[in-house]
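Notes follow once the structure below has been shown.
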């Protein structure tokens, strides 16, 4: 679950392919599809057969080159698709699921804007469909991962639920009455709600939740306050638990900001549960217990939702992309499902 990008960078190039299922998640029977989850540092790709088995899972570095980044991402999708098809010629994928970070217009198939990956109004869906010759389901990375959690993971028991990712960025997938609410592609940008007159955010605003309480911001703020570089938010938490007063201030102020933002979410949506994933969720009780206490202190008559850790793990995005691709196939006519000629690209 990305929220712009994962905390730990992969090694360059392809970093592995694994046959069989991922973890204990069972996608069930459906169309064979290709699935891609693009993050700010790496992208994951998978081929899923009609029985729901993940026949291969690749993790490759997200190519970045300023204004050319979006074109390079499309090229990476094309090449990965060619590799999967060459390795499994017996499998005929019927569609592609593609998730990207940033601001996304799902219906138009456009990546509107990404602070970290430098694209603006890029027609991902049409470019990938033309290049690979398959219909493409296109969406935001956190909404896609949220769908996986809602169908197969910790959010599955709830109809009104928010799935929140806290990593390099912060975003959420909102489900109302069991239906994903995208708000024209702008819903769930929880990281850009104002919680304080704090540091400047990459979006140009000041005091955004993402600039105070994301995993990346926690590490950055600690280094800015002390001059001591840290490996990430995990190290800040470890220092706080060891009695470092500066680390305690940074960690507790992040919890305060998260609780304030969640109190607004509760007031607006009254969800039954808020499921939290991403790198910061790995803090476990050190995150969830004080966050629940702070939220209780902020709420008056409102019901506090359950605060739960996401259960699918780091492959939620690619699984969500696969589920969305299968959904797309189910809406197509037999003629629309026929593969079209794509670009001839070597693996």
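What follows is calculated from the coordinates using simple rules that are stated; it is not laboratory data. Worth saying up front: this structure is predicted, and the values here are computed from it rather than measured. Virtual Cβ from ideal backbone geometry, glycine too; neighbours counted across all protein chains shown.
Dividing the helix sum by the residues of the chain, where each DSSP H run of 4 or more adds -39500 (n - 2.57), gives a mean residue ellipticity at 222 nm of -11000 deg cm²/dmol.
For the chain, with equal point scatterers placed on the C-alpha atoms only and solvent neglected, what are the log10 I(q)/I(0) values from the Debye formula at q = 0.07, 0.10, 0.15 1/Å, to two decimals? Ignoring solvent entirely, the Cα scatterers give -0.28, -0.58, -1.23. If you run the Gaussian network model on the chain, springs between alpha carbon atoms under 10 Å, then out of 309, 285, 271 the most flexible one is 285.
Site pair residue 72 and residue 196 shows an inter-label distance of 3.5 nm when each label is modelled 7 Å from Cα along Cα→Cβ. Placing a label point 7 Å from the Cα of residue 293 along the Cα-to-Cβ direction, the residues of segment 236-254 whose backbone N falls under 19 Å of that point are 237-254.
Across segment 156-309, the mean sequence separation of Cα contacts (distance under 8 Å, 6 or more residues apart), normalised by length, yields a relative contact order of 23 percent. Among 122, 181, a tally of other beta-carbon atoms within 10 Å of each Cβ gives an order, fewest to most, of 181, 122. Rounded, prolate or oblate: which one fits segment 276-331, using the alpha carbon gyration tensor with axes a ≥ b ≥ c (rounded when a/c is under 1.5, else prolate when a/b beats b/c, else oblate)? It is oblate, given that a/c is not under 1.5 and a/b is not larger than b/c. Note on the chain: GNM, Cα springs under 10 Å; of 239, 220, 59, the largest mean-square fluctuation is that of 239.
Among 192, 120, the order by Cβ neighbours within 10 angstrom, fewest to most, reads 120, 192. Cβ crowding within 10 Å ranks 174, 96 as 174, 96, fewest other Cβ atoms first. Of all DSSP-defined beta bridges confined to the chain, some 60% are antiparallel rather than parallel.
Here r is the Cβ-Cβ distance between residue 26 and residue 79 and R0 is 30 Å; the resulting FRET efficiency, rounded to 0.05, is 0.55.
Projected label points at residue 270 and residue 303, each 7 Å from Cα along the beta carbon direction, are separated by 0.8 nanometres. Can you bin segment 156-309 into rounded, prolate or oblate? Criterion: square roots of the alpha carbon gyration tensor eigenvalues sorted a ≥ b ≥ c, rounded for a/c under 1.5, prolate for a/b above b/c, oblate for the rest. Prolate, because a/c is 1.5 or more and a/b exceeds b/c. Which residue fluctuates most in the GNM of the chain (Cα springs below 10 Å): 188, 243, 133? Evaluated over the chain, the most mobile residue of the options is 243. Summary value for the chain: 21 percent relative contact order, contacts being C-alpha pairs under 8 angstrom separated by 6+ residues.
For segment 290-315, the residues whose backbone nitrogen is under 20 Å from a point 7 Å from the Cα of residue 176, taken along Cα to Cβ, are 302-306.
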